[in-house]
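Everything on this sheet refers to the single structure shown next.
Read-outs: derived from the displayed coordinates by stated rules, not from any lab. Predicted model only: the values in this text are computed from it and were never measured. Here the Cβ positions follow ideal geometry from the backbone for every residue, glycine too, while neighbour counts run over all protein chains shown.
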Amino acid sequence: MEEKPIYEDLGLKKEEYEKIVELLGREPNYLELSMFAVMWSEHCAYKHSKAVLRYFPTKAPWVVQGPGENAGVVDIGDGFAVAFKMESHNHPSAIEPFQGAATGIGGIVRDVLSMGARPIALLDPLRFGDLSSPRTRYLFEHVVSGIAFYGNCIGVPTVGGDIFFDSSFNSNPLVNVMCVGLLKDKEPMKSAAKGIGNIVVLIGSKTGRDGIHGATFASEELDESSEERRPSVQVGDPFTEKILIEACLELIEKNLVVSMQDLGAAGLTSSSSEMATKGGVGIDIDVNKVPLREEEMEPFEIMLSESQERMLAIVKPENLDEVIEVCKKWELDATPIGKVTDTHKIRVFQSDKLVGEIPARFLTEEAPIYIPEKRKPDYISDERPDYLLSDAEIIDAMNALENSPHLASKKWVYEQYDHMVLTNTVIQPGHDASVLRIRGSKKAIALTVDGNPRFVYLNPYEGGRLIIAEALRNLACVGARPLAFTDCLNFGNPEDPEIFYQFEQSVRGMADAMEFFGVPVVSGNVSFYNEGPEGAIKPSPIVGAVGVIDDATRAVPSFFPKEPAYIILLGKTERDFGGSELQQILEGKVFGQPPELNMELEKNLHLLLQELAKEGVILSAHDLSEGGLFGALLESAAAGNTGFKIEVPEDEEPTAFFFSETPSRVIVTSLVENVTLVRELCGKHGVPITIIGETGGSQLIFDRFLTKELEETKMNYFNLIGGLVGY
Amino acid sequence: MKKPKFGVAVFPGSNCDFDAYEALKILDADVSYVWHEESNLDKFDVIVLPGGFSYGDYLRTGAIAQFSPLMKSLRDFIDKGKFVLGICNGFQILLEAKILPGAMLTNKDLKFICRYVYIRVENVNTPFTSAYKKSEVLRIPIAHHSGNYYATEEMLRKIENNGQVVFRYCNENGEVDEKSNPNGSLNNIAGIINEKGNVLGMMPHPERACENILGSEDGKKIFVSLLNSAVGQLLP
């Protein structure tokens, strides 16, 4: 058997290696080759996604920083700006769920910190396999513990998230993490290295052998041997992260740093080469100056280490002492390890000995871009499945849906997260969107994460549009005006034409919808190769959306109010069952076409909801998603702690009325005296309105079909997931 | 009237320091932060030990913070009869330093819990609770992993008999029962005071319950009580 060439071991293809030799005009040494391998990994170079990501709109008057920096930034007025980004930590979490999830939080927080923003919120969209599998329960429990361990300790509230269970995630769960930061009266920090002769300072933890080649690992499919990759998973130290946050914010506040970037995937190699490329300069690093956690580390290990809780700062020589002083106060290392040069190269030294030398832009800009083949998968069908259930079947379906984890409270998860620290949380996790007040202003921001993988699976383009619509609808439900998105695009192997079709089509759908609604993307991340031995995950683009509410006191909760009110359905119900929770329960799988989005109606609905909130005429607003109207009613009653009575309108067929998942629909509640005004505003915005019932009492009365006791419903709703996990 | 001077302690890893500071600001209190290396506490009338994960809580919750210069000076501060309020991790530090009796175990279900609970005010004859009515029920958040209060039988008898139990977990109607006990604390204890009556430790977060927009104002009267009683009323 022929021995594998070294470049292949490092994850590079033959053509890629040849391109490196051509660029350098010579063979790279092992250090240089390792640096190329991580920087040209899918994770760092976006080789298969770059061309498609250009579909996304990225501009709007309120966008301060679009894609390309460590996080996007939007202006929210009154001197405030919000920085945010979402990222994946899927592969590490599949192997070592606790540390994988924990370090995911650490990384995304440092991205936002790099912008000079104080991290004020975290949100975590999670995808797991069937809860009936012990492996899934293990992963679920430890991912949640890992997020809690890290997020709680650093004092950044975890205010939201969403969870989806599907067997396609059995061996490859998704752990996406979003961080939001706040900037007041200042420009975002940049990451471009500037000023020849300035000093490169490494701040934070000592460097160890952890996570070497982590970026390469993240760019492979998971298989039986993945367990051996456990040492590729880094270990998080949230206490150091907390003091790193305080120290860096103090350095920025005192104007002591020229630019800053966190050390994430590919460690010093990526941060130095990206900072140098952006600034059009070179950087010299002396690996002998890097404080080490372990002895006798090789230069390539130091350059590739993904040890956590580290930041790289560019500092003017005259400020170096003060930088070290501030870090010392916080008991952190701040070590000068190199200089900004005019060479445009990353040069690695061991004291005086040059051990590696690569033009920075070869690492950051010259990775090949691939536009793979795409092919529409055979499973995609034009069928529009329909269900017409008898009364008895409707009752059975209601009872079954009540026991679906998708319709149950996620309390078991979010109560493990401190979601109140920093005392800004006005609307807590569990509602359609979380709302944080902005101290020193009347405003609030609204945050949501969404990404229904079933719809994308059935029709990637339409599914992409539906994700955008749902996220914006969730923002509108709390009364917010949308500003921008961040995204995390989780797919299988892009070299498989069917996977690439899913990717390309769903991005196109998302981009078209963003364009229509006038809401751009300002940051994001792509995670490919999410495959286990049994195949690829359902295609899972996930978005985080940020909106603004002008008056924080007008934020609208999602659940039924204490006082008796009318329950009003906004929008029109069609017969949409493809990809619905009902279909999953009846058939054990999803098929056919997902609902088709009417973008005009959707937009009108958002404007209507924003106006209803502003006028203060509704007491709650809840979007209809998984489980249709039935799901929304169940949740609104259980979480709102009140019963209701629903009557199916005469011209509605009950199966569709209760279970169809037609988008662009919301239930709101309103006091009797405000109903006329609600009706008028619906007329103004062209949104259909139907009064379907009233809240109150201690029973949930679904017309003639079913009456449930509130206390029992609550017990099931709040304890279902904990019970399934085994607590 | 002279306003009492509040100091909010900042240990590396404190993360509710800002919240306590802001809550006091809402009441227009005279407040500043005190760095953990500060050993001169003369200018303060009240020290708040805030929640968080001081020093990462790596040994045991609150175990390392007790060795800081601030904590060394705090004993003298307490001996002078000045007031100390320990919230969450602050309470844990006071237990580790043996300034308050007992210890904290991991929550009974072994998980971090963040949610609103109800607590009943058991003793209103303290400088921390004088603005409350006896048996008033407060809706207030908890957020901890180790809030399961434990004391020896003898200790427990003593603090119960002395009226040192200031807050107990209860239900919405003020009934103290097992179902309302979120973490397994003995006798549903949520907060205790020292014998002298000038050091209060509590697991719930009053600083998170000072504004209606956040969902509750029920914690505010702790700070109001301190504002009313902290001047010129040093305990002997």
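Between A:Ile6 and A:Leu320, the modelled labels are 3.3 nm apart [label points 7 Å from Cα along Cα→Cβ]. Distance from the alpha carbon centroid of region B:78-129 to that of region A:132-172 works out to 30 angstrom. In chain B, a dipole from Cβ-located charges (positive for Lys and Arg, negative for Asp and Glu) runs towards its positive end, and of B:His36, B:Phe128, B:Gln66 it is B:Phe128 whose Cα lies farthest in that direction.
Per-residue ellipticity at 222 nm for chain A, helices alone: DSSP H runs ≥ 4 residues times -39500 (n - 2.57), over residue total, nearest 500 deg cm²/dmol? Intermediate values should be presented prior to the final figure.
On the way: 25 runs with 263 residues, N = 727.
The helix contribution divided over chain A gives -11000 deg cm²/dmol.
Phi angles across region A:606-618 convert, under the Karplus curve 6.51 cos²θ - 1.76 cosθ + 1.60 with θ = phi - 60°, into 3J(HN,Hα) values of 4, 5, 4, 5, 4, 6, 4, 5, 4, 6, x, 9, 10 Hz, Gly and Pro given as x. In order along region B:52-64, the Karplus-derived 3J(HN,Hα) couplings, from 6.51 cos²θ - 1.76 cosθ + 1.60 at θ = phi - 60°, round to x, 10, 4, 6, x, 6, 6, 7, 8, 4, x, 6, 8 Hz, and Gly and Pro are given as x. Counted by neighbouring Cβ atoms within 10 Å, the residues A:Val507, A:Val617, A:Val177 run from fewest to most as A:Val617, A:Val507, A:Val177. If you add up the charges near A:Ile646, with Lys and Arg at +1 and Asp and Glu at -1, over every other residue whose beta carbon is less than 10 angstrom from its beta carbon, what do you get? Every neighbour counted, the sum reads -2. Between B:Asp28 and B:Glu160, the contour length at 0.36 nm per residue exceeds the alpha carbon distance by 44.0 nm.
Of the trypsin sites (Lys or Arg not before Pro) found in region B:59-148, those in coil by DSSP whose Cβ has at most 15 other Cβ atoms within 10 Å are B:Arg60, B:Lys80, B:Lys98, B:Lys108, B:Lys133, B:Lys134. Dividing the convex hull volume of the alpha-carbon atoms in region A:74-222 by its residue count gives 141 Å³ per residue. In units of the compact-protein estimate 2.2 N^0.38 Å, chain B shows a Cα radius of gyration of 0.91.
Radius of gyration over Kirkwood radius for region B:99-236, both on Cα atoms: the Rg/Rh ratio is 0.95.
Net charge in the neighbourhood of B:Asp45 (other residues with Cβ under 15 Å of its Cβ; Lys, Arg +1, Asp, Glu -1) is +2.
Between the C-alpha center of region A:362-421 and that of region B:153-186 there is a gap of 44 Å. Assuming charge only on the beta carbon of Lys and Arg (+1) and of Asp and Glu (-1), the dipole of region B:5-234 about its Cα centre is about 260 debye to the nearest 20. Dipole magnitude for the protein assembly as shown: computed about the Cα centre from +1 point charges on Lys and Arg Cβ and -1 point charges on Asp and Glu Cβ, it is near 3360 debye. For region A:259-340, the share of alpha carbon pairs falling in successive 5 Å distance bins from zero is 3, 14, 25, 27, 19, 11, 2 percent. The slack in the chain from A:Glu534 to A:Glu709, taken as 0.36 nm per residue of separation less the alpha-carbon distance, amounts to 58.8 nm. Over all distinct Cα-Cα pairs of region A:333-470, the Kirkwood formula returns a hydrodynamic radius of 22.5 Å. Residues in region A:129-141 carry Karplus couplings, in order, of x, 5, 5, 6, 8, x, 4, 4, 5, 4, 4, 4, 4 Hz; the curve used is 6.51 cos²θ - 1.76 cosθ + 1.60 with θ = phi - 60°, and Gly or Pro positions show x. Across the options A:Val548, A:Leu354, A:His685, the greatest Cα extent toward the positive end of the charge dipole of chain A (unit charges at beta carbon of Lys, Arg, Asp, Glu) belongs to A:Val548.
Take the alpha carbon atoms of region A:343-420, find their radius of gyration, then divide it by 2.2 N^0.38 Å using N residues; give the quotient. Write out the running numbers ahead of the final one.
Details: Rg = 29.0 Å, N = 78, 2.2 N^0.38 = 11.5 Å.
Here the Cα radius of gyration is 2.51 times the empirical estimate.
Give the Debye-formula value of log10 I(q)/I(0) at each listed q (0.15 Å⁻¹), with one equal scatterer per alpha carbon of region B:93-163, two decimals each. The calculated log intensity ratios at q = 0.15 Å⁻¹ are -0.67. From largest to smallest, the equivalent ellipsoid semi-axes obtained for region A:1-108 from the alpha-carbon gyration tensor read 35, 20, 12 Å.
Ellipsoid fit via the Cα gyration tensor, region A:442-501: semi-axes of 29, 12, 7 Å, each the root of five times an eigenvalue, largest first. Computed with the Debye formula from one identical point scatterer per Cα of region A:545-685, without solvent, the log10 of I(q)/I(0) at q = 0.18, 0.19 Å⁻¹ comes to -1.11, -1.22.
Report the local net charge at A:Pro368: Lys and Arg +1, Asp and Glu -1, summed over other residues whose C-beta lies under 9 Å from its C-beta.
Values: positive: A:Lys13, A:Lys19, A:Lys47; negative: A:Glu15, A:Glu16, A:Glu366.
Spelling it out: positives minus negatives among the neighbours equals 0.
Report, to two decimal places, the Cα Rg of the protein assembly as shown normalised by 2.2 N^0.38 Å (N = number of residues). Please list the in-between numbers first.
Numbers: Rg = 28.4 Å, N = 963, 2.2 N^0.38 = 29.9 Å.
After normalising by residue count via 2.2 N^0.38 Å, the value is 0.95.
On a per residue basis, the convex hull of the C-alpha atoms belonging to region A:619-727 measures out at 117 Å³.
Sum -39500 (n - 2.57) across every DSSP H segment of at least 4 residues in chain B, then divide by the residue count to get the 222 nm mean residue ellipticity, nearest 500. Please list the in-between numbers first.
On the way: 5 runs with 48 residues, N = 236.
The helix contribution divided over chain B gives -6000 deg cm²/dmol.
Averaging the Cα positions of each part gives two centres, and for region B:1-59 and region B:196-214 these lie 13 Å apart. For GluC sites (Glu not before Pro), the sites in region A:620-710 that DSSP calls loop and that have at most 11 other Cβ atoms within 10 Å are A:Glu650.
Please report, in whole Å³, the volume per residue of the convex hull around the C-alpha atoms of region A:472-608.
About 168 Å³ per residue, rounded to a whole number.
Using the Cβ-Cβ distance between A:Lys254 and B:Leu110 with R0 = 45 Å, the FRET efficiency computed as 1/(1 + (r/R0)^6) comes to roughly 0.60.
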